[in-house]
1. Provide a single number: the residues in segment 230-265 that are without any contact (Cβ under 8 Å) to a residue 60 or more places away in the chain and of a type in the set (D, E, K, R).
2. Among the residues of segment 121-131, are any assigned by TED's automatic domain parsing to the domain that holds residue 58, under 26 Å from residue 187 (Cβ atoms) and within 22 Å of the chain's Cα centre (by Cα)?
3. Does residue 172 satisfy the criteria of being within 20 Å of the chain's Cα centre (by Cα), modelled with pLDDT of 95 or more, hydroxyl-bearing (Ser, Thr, Tyr) and in a helix (DSSP H, G or I)?
4. May I ask you to say which residue of 129, 138 is assigned to a loop (DSSP other than H, G, I, E, B), at pLDDT 95 or above and in contact with a strand residue (DSSP E or B) (Cβ under 9 Å, 6 or more places away or on another chain)?
5. Taking the residues in segment 225-247 that are modelled with pLDDT of 95 or more and over 10 Å from residue 208 (Cβ atoms) as candidates, determine which candidate is surrounded by the most Cβ atoms within 10 Å (Cβ to Cβ).
6. Can you pull out every residue in segment 249-278 that is over 13 Å from residue 208 (Cα atoms), in contact with a strand residue (DSSP E or B) (Cβ under 7 Å, 6 or more places away or on another chain) and hydrophobic (A, V, I, L, M, F, W, C)?
7. I'm checking my understanding of the structure. Among residues of segment 153-169 that are hydrophobic (A, V, I, L, M, F, W, C) and farther than 27 Å from residue 143 by Cβ, which one is farthest from the chain's Cα centre (by Cα)?
8. Among the numbered conditions (1) more than 24 Å from residue 65 (Cα to Cα); (2) in contact with a Pro (Cβ under 8 Å, 6 or more places away or on another chain), tell me where residue 114 comes up short.
Amino acid sequence: MSGGPGSGAATVLDGGGCRNAVHHRPTGLEEPRIDPSLPSPATAAEPLRNPPVPPSLTDELGAEVPLPDVPTRIVSLVPSLSETLWWLRVSDRVVGLTDYCTAPPHGFPAARRIRGTKNPDTAAIVALEPDLVIANQEENRRVDVERLRAAGVPVYVTAPATVPDAARTLATIGGLVGAEQAGAGLAQSIERALDQVVSAGRPEPLATFCPIWRDPWMATGRDTYAADLLSWTGFAVLPVVEGERYPEVDLAAVEELDPDVVLLPDEPYAFGRGDRSVFSGWRARTRLVDGTQLTWYGPRTPYALAEFGRRSRELRRRLARRG
């Protein structure tokens, strides 16, 4: 969604969890909702003179990634990490992006579009002669990563399943691209946001149903970045299907679990006001939410933690008044 399922039928890298492919909607987003307390990337992301990038490293799935030097020709297959590269002030080195890397608008004027996250034009990527391709376990297909590696292209696959995982991923990406200080600063901002969430108190979480698709209905499972972000901020994703990351669900069975809240994100499926009527007979409160805040780990994460924390407190007050 930046990680999760959607339209199409492509198997994710781990071969499990989500059966269907996720395609981010090109949304034409305006300036992203980024935590204003973050240091300015113009000053925080000055390239290190001697960036500590080793000659080879292991990605988050354990694959060796040969990197002879600081990358100067980067292809990103992950919308949230494309935005992160812009924030790190290395967008001038990005030569290729997916059609779903839409934020910030006009942030990558020199980059070639190489189709979607699930159907990238691997031949076009190879022709760009990248020295680093950034992919994600859920966002991209194993077969495309293997094709690129077979062609000699270094591919670093990310796989954060929690907010602390994402902080480590972002620090690593900063180091990979020669913006170690900025990457570390972003990770520290996320850690501070987590500290603030904890210091605000963590009452009994709200039982939450968070679908990410309809026809068929599919839900956010517990072992996902989105579920972890929600758990930090006062929501507990219902165990609608144990052991699956993005299971298909039966709404009648979900209603029997009696959720407190239904959260409807606007991506990967574009849930809108009309979809709220599906849940009109439920006890649960229904809220539309920004899907990028929920799933795009990167400079949006500190703001997302604060925003979902605010929403959970507001919902808890309303539920208490209802008695």
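The values are calculated or read from the model by the stated rules, or taken from the named source; none is laboratory data. This structure is a prediction, so every number in the text was calculated from the model and none was measured. Heads up, the Cβs are rebuilt from the backbone with ideal geometry, glycines too, and the neighbour counts pull from every protein chain shown.
1. Total satisfying the criteria: 6.
2. No - not one qualifying residue is present in segment 121-131.
3. It is true that residue 172 is within 20 Å of the chain's Cα centre (by Cα), modelled with pLDDT of 95 or more, hydroxyl-bearing (Ser, Thr, Tyr) and in a helix (DSSP H, G or I).
4. The unique qualifying residue is 129.
5. Restricting to residues being modelled with pLDDT of 95 or more and over 10 Å from residue 208 (Cβ atoms), the top hit is 226.
6. If the condition is that a residue be over 13 Å from residue 208 (Cα atoms), in contact with a strand residue (DSSP E or B) (Cβ under 7 Å, 6 or more places away or on another chain) and hydrophobic (A, V, I, L, M, F, W, C), then 249, 271 are the ones that fit.
7. Across segment 153-169, the extreme among qualifying residues is 167.
8. The one condition residue 114 does not meet is (1).
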